[in-house]
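What follows is one structure encoded as structure tokens, with my remarks underneath.
The values are calculated or read from the model by the stated rules, or taken from the named source; none is laboratory data. Since we're looking at a predicted model, the values are computed, not measured. FYI the Cβ positions are ideal-geometry reconstructions off the backbone, even for glycines, and counts take in every protein chain you see.
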Amino acid sequence: MERFWRLLILVAIVGLFGFLSGMVLASKQREAQRAPRVAERVDARQFRLIDSEGRVRAELGMPFGEPALFLYDREGNARAWILLDAEGNPKAMFASKEGSPLWQAPPLQEKPASDSRSGN
């Protein structure tokens, strides 16, 4: 009879640990389902950032065959951009509301004035 009780206690302990293990795994699984999923990688040709009123405020894409990032104001005017040109050179520009350049890099190259002393 003593052997029966030992076996019964052993089965009860194993059953209890099995039940508790299942509860822990189930709670971790529910927690994982509630947690937001973050993709390790996203492949796309264009990303657009839209504000609460549905306006495009930023775009990341390849409109000219090279990567470019554009930032737009509330009226939809491109106000800042960073891109690579066809040769792979980086370009950046900030523009006024009217669209005129406020700053750009590299700066526009002015053609050198001919030197009158050299006879050119």
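Checked against (1) of a type outside the set (Lys, Arg); (2) in the same structural domain as Arg57 (by TED's automatic domain parsing); (3) modelled with pLDDT under 90, Asp115 meets all criteria but (2).
Can you say whether Glu2 is assigned by TED's automatic domain parsing to the domain that holds Ile82 and loosely packed, with under 10 Cβ neighbours inside 10 Å, as far as the supplied structure shows? Here the answer is no, as Glu2 does not meet what is asked.
Residues of segment 65-79 being over 15 Å from the mean Cα position of the chain (by Cα), without any contact (Cβ under 8 Å) to a residue 24 or more places away in the chain and in a loop (DSSP other than H, G, I, E, B), which ones? Gly65, Glu66, Arg74, Glu75, Gly76, Asn77, listed by residue number. Go through segment 43-64 residue by residue and tally those that are under 23 Å from Pro106 (Cβ atoms) and over 14 Å from the mean Cα position of the chain (by Cα). Qualifying residue count, segment 43-64: 3.
Whether a residue is outside any loop (DSSP other than H, G, I, E, B), assigned by TED's automatic domain parsing to the domain that holds Asp73 and under 14 Å from Tyr72 (Cβ atoms) was assessed, and Glu53 does not pass this test. Quick check on Gly22: is it surrounded by 10 or more Cβ atoms within 10 Å (Cβ to Cβ) and within 14 Å of the chain's Cα centre (by Cα)? Considered against the rule, which asks whether it is surrounded by 10 or more Cβ atoms within 10 Å (Cβ to Cβ) and within 14 Å of the chain's Cα centre (by Cα), Gly22 comes out as no. When segment 30-45 is filtered for residues that are at pLDDT 80 or above and either surrounded by 10 or more Cβ atoms within 10 Å (Cβ to Cβ) or among the charged types (D, E, K, R) (or both), the ones remaining, listed by number, are Glu40, Arg41, Asp43, Arg45. I'm told Val14 meets every condition in (1) surrounded by 10 or more Cβ atoms within 10 Å (Cβ to Cβ); (2) within 30 Å of Pro90 (Cβ to Cβ) except one. Can you identify the failing condition by its number? In the conditions (1) surrounded by 10 or more Cβ atoms within 10 Å (Cβ to Cβ); (2) within 30 Å of Pro90 (Cβ to Cβ), Val14 misses (2) alone.
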